[in-house]
Every structure is written in C-alpha cells, then in structure tokens.
Amino acid sequence: MDPVVDKAEIAEKESKSELSVDLNSKIEFKKPLSRNQEKKLKRLEKALQNRAEKRKKEREIRRAKGKQNYAVVEKMNGEKVEIKRKDLKKNLMANSPNKLKIAIDCSFESLMNYSDINHLCKQLTYCYAANRRMEAPLQFYMTSCSNKTRELLERSGLANWDAYIHNTNYLQVFDEIPKQNIVYLTSDSPNEIQEFDDNKVYIIGGLVDHNHHKLLTFNMAQQNQISHCRLPIGKFIQMNSRPVLTVNQVFQIICKYTECKDWKTAFVSTLPKRKKAELLDNEDEETDKSDSDNENSLSKKVKKIDSNETKEDEKNYNLESEEKTVAN
C-alpha cells in the first residue's frame, strides 16, 4: 500500500469522526423544570413586568422625601406658600411684629395619667408648629413645665424650640403685669372676648381631662383674682356638645384670628368635623328679631285699637241707657 494513500484515508476518517462528534455535541436534551424553578421563573417575569411601576413609585417616594424639607406657611392674606424648613429658623418671635402673649399653664399634671400627659405633649407640639408657620409668630409661653411633661417634650427637641419655657407658675412669670391684665381663657366664663390686647397675657389651661373637671380653670381664675373670658363660639357656631376645645385648637383659633381678624373664619378653619359645628346666620337672626319686633308692635297696636273700641262701646251703651231713663 502507498503510504501517501494511507495517510489521506486516515485524514478523511479523522475528519468524518470529528464531524460526527461536532454534530452530536450540538444536540441538547432539555430536562423538565422542577416546581421551584418554575416559581422562580414566574417571579422573574412578574418582576420584569412590574419594573416600570416600581421605578415610578421610587421616584414618588424620593419626591415625597424632598418635600419633607419644605413647610407650608399661610400668609396674612390666606395664601399658602412652601418654605424650606431651614428658613423657618429665621422666623423668630424676637423679630415678629406680633407681641400678643399666649401662655399655656401646664400645672395640671397631677390630674392626668401618663396617657393624657402624652396627649398634652402632642398638643403642645402642634401649638409650637402652628406658631412657627405663622408669618408673624405669637409670643409663645409655657409655664409650670416640669416633671413628666418636660421629659416627654425634651424627646421632641424642646431644647431647640423658639419658645419661653418656665418651670414656675404663670403668676410668678408675669409678676410685673397687673392681675387684671392676666386673662384665663375658660369655656365656663360668662365673659366673651371681642378683641385681643397686646398689653395683656392670655392663659390656656394645659389639661386633658375628658370633661371630668368642670369649672376647674374658672374657679382657679377667681381664686387667683385674675380676669377670665371665653371665646365667642356661641355667637357664630352652634355645637351639639359642650364647647370645650383642646389646647392646640384654642391656640390655632387665636393664631388664625390674629391673621384674618374674623372669628367666623377662625372657627371654621380650625374646628374638626367630629365636633359637628354648624354656622349660625347672624343675618337671619337679625331678620327674625326684626320680624318678632314688628309682630309685637302690631299686636300692641291691635290691643290699643281693641281697647279704644271697647271704650266707645261702653260710652254708647251708657248714652243709650241714659236716653231710656229720660224717656221713662
């Protein structure tokens, strides 16, 4: 045999064997997937489908976090504007043209349990936040702030508050002010406030009592020989329940009134819906009064006419009787 031919034959055989191997290597046998693998595939498909929605939600969350750095401030004309919280630090009581003094008396801690004290501290934080968002903040005081109340407020950053915090009683804090100029705001007072005076101090009772301690602040004001009054809620709003408001509601009403100088708008914008407060139409009341006055005047006139007619009838009767006697 020719050695050259043998080599060629050997090369052809090797190429054929390689081709057969290559063809056999490309053949794939798919194995059935297990249940876990099927679940994983389904989860991946859902994740790919919901990827766009997730991206939208993530963008919304980032925007919401960015908005947390802004606070909504209401101007004197009622316009709401977003301001950076850093800018609120410049809005200090010392620079405010509003010199109205509002103090919250926190001396009722012994009459409340821990839950009520916690609610009071939340209301105080609402008061502080409302004052910070005013264009012209009030002069915000807190008296008799000690023990548990102070501990809970310190967790909320009391040390950084722009407020006058005192451990002593309001009579000691405002000892230079005459007692007649210290006014305790209590719903039990018969006196209704019409306007606020910058020369006076207005005290709000810091008490969460669920209406268990009636006449407490009113009797305290009388014992301390200071003035007392209540907000004119009955003139503008009819409430189904006793007109007792929370600390932050009273404070927010005062803030709103100092801005708009209108009691009706101050009550409507502050009182929650659960109070079921209804506005009173003063115009209708005046028309009703005028109608009743007209009816009374008409009834008086009718009575006068009736009395005159009876007098004339009596005169005629007397004349007739006299004529009969003369005829006889």
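General remarks:
- Matching residues in region 126-140 - criterion: being in contact with a Lys or Arg (Cβ under 7 Å, 6 or more places away or on another chain) and open to solvent by 30 Å² or more (accessible area, probe 1.4 Å): E135
- Selection of region 207-254 for residues being under 19 Å from I117 (Cβ atoms), part of a loop (DSSP other than H, G, I, E, B) and modelled with pLDDT of 85 or more yields L207, V208, L245, T246.
- Residues of region 188-232 satisfying the condition of being out of contact with any strand residue (DSSP E or B) (no Cβ under 9 Å at 6 or more places or on another chain) and either closer than 15 Å to D105 by Cβ or crowded, with 19+ Cβ neighbours inside 10 Å (or both): V208, D209, H213, N219, Q223
- When region 124-154 is filtered for residues that are in contact with a Cys (Cβ under 7 Å, 6 or more places away or on another chain), closer than 20 Å to Y170 by Cα and of a type in the set (G, A, S), only S144 remains.
- Beta carbons closer than 8 Å, at least 6 apart along the sequence or on distinct chains, pair a first residue in region 152-180 that is within 16 Å of A129 (Cβ to Cβ) and open to solvent by 50 Å² or more (accessible area, probe 1.4 Å) with a second that is at pLDDT 95 or above and not aliphatic (A, V, I, L, M) for S156/C121; S156/T125.
- Meets criteria (aromatic (F, W, Y) and more than 20 Å from T217 (Cβ to Cβ)) for Y164: yes
The values are calculated or read from the model by the stated rules, or taken from the named source; none is laboratory data. These numbers come from a predicted model, not from an experiment. Note that each Cβ is placed from the backbone with ideal geometry, even for glycine, and that neighbours are counted across all protein chains shown. All accessible areas refer to the heavy atoms of the entire protein, side chains included, with ligands and DNA or RNA removed. Shrake-Rupley method; radii C 1.70, N 1.55, O 1.52, S 1.80 Å.
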